[in-house]
Amino acid sequence: MGHLQRGYIYEASGWFYVRHYVSVIVNGESNRMQRSHRLVAKGGKYYSCDCKAVKLMRDELMLKVNQQQFNHSQTSQREDMRIVDFWDTLYLPYCEETVKLTGESRKKPSTVRGYKQIWKQHLKSHFANRTLREYEPYMGNRFLRSLASTQGKTTLKHIKALGTAIFSHAIEEEFLTLSPWREVKIPRDAIEPERTQHYTIEEAEDLISTLVDHVDCQLIIALSCFLGLRPGEIAALRWEDFDSDCVHIRRSVVRGVVGVPKTAESTADLPMVEPRILIPLELWRRRSGNRIEGWIFESRNGTPTDLHNMIARVIVPHIEGTARCVSCKLTPQASRVTWKGLYAGRRGAATAAVEATGGNYAVAQALLRHKSMKTTLDVYKKHITPEAFRTGMKLLAASTVSFKTLP
């Protein structure tokens with residue numbers, strides 16, 4: 001098995017530790033570095049560095065350390081590496097790598113952007129100088145518990161997902177045989193996320209009425225609230241995507257980068273049967289010079305319009321009643337509806353589809369193009385209106401079988 005380390009026991013701050021050495025790749029060079037592992041608190045049968053109980057614990061730990069070194073020497077010639085170096089040199093380039101077969105990056109730009117944000121805000125400082133093989137499950141559990149009072153459960157799930165992905169890739173690259181992150185758990189007392197909002201059909205219509213002087217914005221709201229399109233899918237629409245029967249969802253825009261939709265299921269043909277979409281679509285087509293090709297919402301540079309900019313510059317000011325008409329210098333009346341974001345329209349579309357079809361969840365799933373109906377129901381379907389509830393109860397009552405009263 002090669003050179004076996006015995007491990008040096010020492011005491012510090014009321015605890016016994018074991019010190020040993022590992023070979024670590026730092027900035028591309030192999031370095032022999034010292035590592036320490038905490039064994040047990042001093043007290044009782046653990047009374048000194050030389051006592052049998054402490055030595056037995058040391059031997060158990062070093063057996064594991066030596067066995068890991070042997071396994072790695074047999075399965076791979078790679079030496080240990082700092083996690084931050086693994087991220088910079090292997091994992092992040094892997095995510096951004098262009099796959100020759102598809103011509104697309106391995107991970108979507110939106111996914112990579114989210115990874116970078118989580119890494120910068122949370123994981124980079126946590127991993128610090130720790131190496132892949134040095135990292136242990138308790139470190140991750142302590143880290144997530146330390147964030148539980150300031151970060152919501154959704155953020156913790158994103159952090160855990162990235163940590164899992166990093167160590168899983170380390171296994172694929174033969175740095176590890178087991179992932180320490182598999183034992184990391186979300187704290188039970190993690191802060192639950194706030195309930196997401198949605199627009200009712202009436203609220204969506206009120207938003208569209210408020211934007212009467214901006215047909216392009218009306219169309220954006222309609223595509224979100226009545227057809228359930230994602231913001232990136234709306235921005236990526238071309239005139240060629242529409243025909244007499246359907247709108248063909250083929251692409252998405254994320255921060256100016258045009259790519260494929262979020263998932264394979266998101267690429268779909270949606271029936272164009274909703275007049276509240278057809279009317280603003282035809283009006284915008286006329287104002288656009290009856291175009292038959294090109295981006296529907298096009299910037300001056302000939303690229304898809306930045307919807308975030310349009311929302312901040314036009315949609316929100318009109319809804320809040322702060323926009324001014326340049327020609328008449330009048331302030332329009334504010335909408336009775338609070339702006340909740342475009343995704344609120346997508347959630348509203350799912351809820352409306354369930355209500356309008358008498359509880360047919362499959363229609364809502366197909367409209368939102370989710371692979372799993374669980375996603376549709378858990379994340380996007382919201383409480384039905386009181387009117388829909390009463391209608392449903394009447395249908396239930398009408399379908400109840402009447403039984404004769406028993407004597």
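Have a look at Thr351, Thr338, Leu367 and report the one farthest towards the positive end of the charge dipole of region 201-389, computed about the Cα centre with Cβ charges (Lys/Arg +1, Asp/Glu -1). Of the options given, the answer is Thr338. For region 201-389, lysine pairs with C-alpha atoms less than 16 angstrom apart, excluding pairs fewer than eight positions apart on the same chain, total 5.
Here's the list of aspartates and glutamates a cross-link from Lys52 could span, going by alpha-carbon distance under 19 Å and ignoring same-chain residues fewer than 8 apart: Glu11, Glu60. Anisotropy class assigned to region 119-276 is prolate, per the alpha carbon gyration tensor with a/c at or over the 1.5 cut-off and a/b larger than b/c.
The mean sequence separation of alpha-carbon pairs under 8 Å and at least six residues apart, normalised by the residue count of region 81-183, gives a relative contact order of 29 percent.
Total lysine pairs in region 81-183 at Cα distances under 21 Å, for residues eight or more apart or on different chains: 20.
How many angstrom separate the Cα center of region 274-297 from the Cα center of region 201-219? One Cα centre to the other: 15 Å. Of the residues Phe175, Pro93, Pro109, the one whose Cα sits farthest towards the positive end of the charge dipole of region 81-183 is Pro109 (charges of +1 on Lys and Arg Cβ, -1 on Asp and Glu Cβ, taken about the Cα centre). Each Lys and Arg Cβ is given +1 and each Asp and Glu Cβ -1; about its Cα centre, region 80-151 then shows a dipole of about 260 debye. Sort region 81-183 into rounded, prolate or oblate with this rule: let a ≥ b ≥ c be the square roots of the eigenvalues of the Cα gyration tensor; rounded if a/c is under 1.5, and if a/c is not under 1.5, prolate when a/b is larger than b/c, oblate otherwise. Taking the square roots of the gyration eigenvalues as a ≥ b ≥ c, region 81-183 is oblate.
Rule-based calculations on the coordinates, nothing more; no lab input. Keep in mind that what you see is a predicted model, and the values were worked out from it rather than measured. For neighbour counting, all protein chains shown are included, and Cβ atoms are generated from backbone atoms with ideal geometry for every residue, glycine included.
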